[in-house]
Amino acid sequence: MASPTSRPEPALSWLDSAIRVKPLQLADSWKKQQVEDALKKIHLTGAQVLRIKEVFHSEVERGIHEQPSSLQMENTYIPELPNGTEEGMFLALDLGGTNFRVILLELSNGALIRENVKRYHIREELRLGCGERLFDFLAECVSDFVRSQNLGGTRLPLGFTFSFPMIQKGLDVGILLTWTKSFNCPSVVGRDAVQMLREAINRRGDTHVEVLAVLNDTTGTLIQGAVLDKKTAIALILGTGSNACYIERADRVQHWEGQRHGEKEVIIDIEWGAFGDNGVLDFIKTDYDRKVDENSLITNSFTFEKYISGKYLGEIVRVIVVKLVEDCVLFGGTVSDALLTTGAFTTSFVSLIEQDTVGNNCENTPEILDKLGLSYNADDIAIMKYICETVSNRAALLVSICTATLLERLDRPDTTIAVDGSLYKYHPRLKSWMNKYIHLLAPEKKFKLLLAEDGSGKGAGLVAAIALRLKQRFSQT
């Protein structure tokens with residue numbers, strides 16, 4: 001295979017042209033050349049695309065066989081999807097940010113007939129203090145919610161969406177690896193979040209809530225997708241962060257604690273945000289990506305997420321723009337304090353500028369540049385559009401390469417890919433690029449992208465229903 005720096009093989013020229021963005025149109029040829037040179041390494045070549053595909057496949061294989069890999073390939077122990085027999089009332093607890101939700105779902109023949117939600121705010125001293133106090137607060141909120149629904153005497157199975165890195169040792173065992181976001185309760189690290197929640201609920205003793213399952217939002221999205229479309233077998237989160245999961249053959253999965261019960265399939269949580277943390281993607285890393293990593297909270301981690309997610313796309317654009325201002329290519333070489341501030345150029349700005357490109361107008365871009373305190377002309381606007389398109393296109397391509405690899409792994413004639421997340425919902429052409437590139441890279445596979453919202457809520461309740469069904473089945477054998 002050609003190295004990333006060598007001349008592309010003639011056979012790859014079709015791929016090179018298929019993944020290229022439209023050329024920058026500028027009358028000033030020097031300026032045009034400067035911009036193209038600055039962005040050259042952000043453009044992936046056909047050879048690099050095929051190499052990424054190969055590397056991702058290798059990392060998946062290594063992870064699933066418990067060999068060193070940047071992919072965690074976590075067994076979720078969910079061996080089946082909703083089948084339309086789910087019946088009764090279930091709770092979901094969704095913990096992933098400063099506000100968390102308790103949700104009551106009532107199901108009849110697998111269909112949602114009632115949903116009640118209550119949100120609770122977690123104070124900073126609880127997010128950063130003693131773990132027992134945090135879980136006591138969660139149990140207090142569950143109790144408050146159950147009583148508000150007049151269900152104090154009702155047995156309620158609960159699915160717990162715990163959107164933090166964890167090692168699963170069973171459907172109802174999730175060992176916290178590390179806190180992320182705004183949480184840091186050191187005493188919880190290395191402990192089972194389910195057990196801590198159960199103990200807190202039992203200490204109160206005022207409800208009949210039974211915690212049956214733990215999952216993350218990505219797994220919940222696949223389950224929610226399966227309710228909307230039975231062909232769902234892959235789920236993606238493309239929001240502030242990014243992750244993917246898929247249905248794997250159980251006989252391929254090495255890591256399986258506890259007894260097997262003849263499972264044919266199981267959902268695998270890839271944790272693809274960390275893809276490349278071991279250096280396997282360094283061949284596409286640019287100086288801009290290194291700068292974004294240096295400015296991030298945790299350096300040398302979440303490598304893939306830093307290329308593709310809503311938390312970082314705007315920052316990649318900002319870093320490129322600052323370099324072009326320093327080179328006197330943009331804004332007459334004059335920078336603003338806002339532009340020099342890490343995180344000031346948000347991914348929502350990228351989506352708005354992309355809307356201008358798609359609509360062939362300039363409604364949003366001048367407004368954004370005004371907000372950032374920049375003086376600009378028509379060339380500056382054209383260059384900003386080109387940068388946002390190039391960075392967005394690379395993200396769409398990277399997501400598509402990995403998704404196409406998963407599609408090829410599945411022995412299915414037709415697969416639905418459930419997707420959720422703000423980046424996917426609000427970027428004006430992420431979906432159309434993904435449709436194009438996935439088809440290009442897995443031409444034999446039929447697929448469709450499906451927006452499946454609130455996997456962390458509805459999905460968790462459905463997983464509790466599946467867990468209850470499995471518990472009843474296993475107790476009879």
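For region 216-258, what relative contact order do you get, as a whole percent, if you take Cα pairs closer than 8 Å and at least 6 residues apart?
Relative contact order of region 216-258: 32 percent.
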**Message:** Quick check: from the Cα gyration tensor, does region 164-208 come out rounded (a/c under 1.5), prolate or oblate?
**Reply:** oblate
**Request:** Can you list which of the chymotrypsin sites (Phe, Trp or Tyr not before Pro) found in region 396-452 are DSSP loop residues with at most 15 other C-beta atoms within 10 Å?
**Result:** none
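Do you know the relative contact order of region 81-240, to the nearest whole percent, from alpha carbon pairs under 8 angstrom that are 6+ apart?
Numbers: 295 pairs, mean separation 35.8, N = 160.
Reported as a whole number, the value is 22 percent.
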**Item:** For the chain, calculated [θ]222 nm from helices alone, where every DSSP H run of n ≥ 4 adds -39500 (n - 2.57)
**Value:** -12500 deg cm²/dmol
**Request:** For LYS425, put the label point 7 Å out on the Cα→Cβ axis and report which residues of region 271-309 keep their amide N under 12 Å from it.
**Result:** none
**Complete:** Honestly region 389-471 on the Cα gyration tensor test (a ≥ b ≥ c root eigenvalues; a/c under 1.5 rounded, otherwise a/b vs b/c for prolate or oblate) is just oblate
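So what is the relative contact order for the chain, in percent, with contacts set as C-alpha pairs under 8 Å and at least six apart?
On the way: 904 pairs, mean separation 95.1, N = 477.
Value for the chain: 20 percent.
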**Prompt:** Considering only Cα-Cα distances, which of the following residue pairs are longer than 29 Å: LYS118/LYS291; LYS22/LYS53; LYS31/LYS425; LYS53/LYS448?
**Reply:** LYS118/LYS291; LYS31/LYS425
**Message:** How would region 213-282 be classified by its alpha-carbon gyration tensor: rounded, prolate or oblate, with rounded meaning a/c under 1.5 and the a/b versus b/c comparison settling the rest?
**Reply:** oblate
**Request:** Please name which of ALA344, VAL319, VAL280 has its Cα lying farthest along the dipole of region 277-373 towards the positive end, using unit charges on Cβ (Lys, Arg +1; Asp, Glu -1) and the Cα centre as origin.
**Result:** VAL280
**Asked** Which of the following values of semi-axes √(5λ) of the Cα gyration tensor in Å was calculated from the structure shown: (1) 42, 26, 20; (2) 41, 31, 23; (3) 36, 29, 26?
**Response** (1)
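Could you check how much of the accessible area of region 83-224 is carbon and sulfur, as a whole percent, using a 1.4 Å probe? Please report the intermediate quantities before stating the final value.
Details: 2600 of 5530 Å².
The C+S portion of the solvent-accessible surface of region 83-224 is 47 percent.
The values are calculated or read from the model by the stated rules, or taken from the named source; none is laboratory data. On a predicted model such as this, the values are computed, not experimentally measured, just so you know. For neighbour counting, all protein chains shown are included, and Cβ atoms are generated from backbone atoms with ideal geometry for every residue, glycine included. The accessibility values were calculated without ligands, DNA or RNA, using every heavy atom of the protein model including side chains. Shrake-Rupley method; radii C 1.70, N 1.55, O 1.52, S 1.80 Å.
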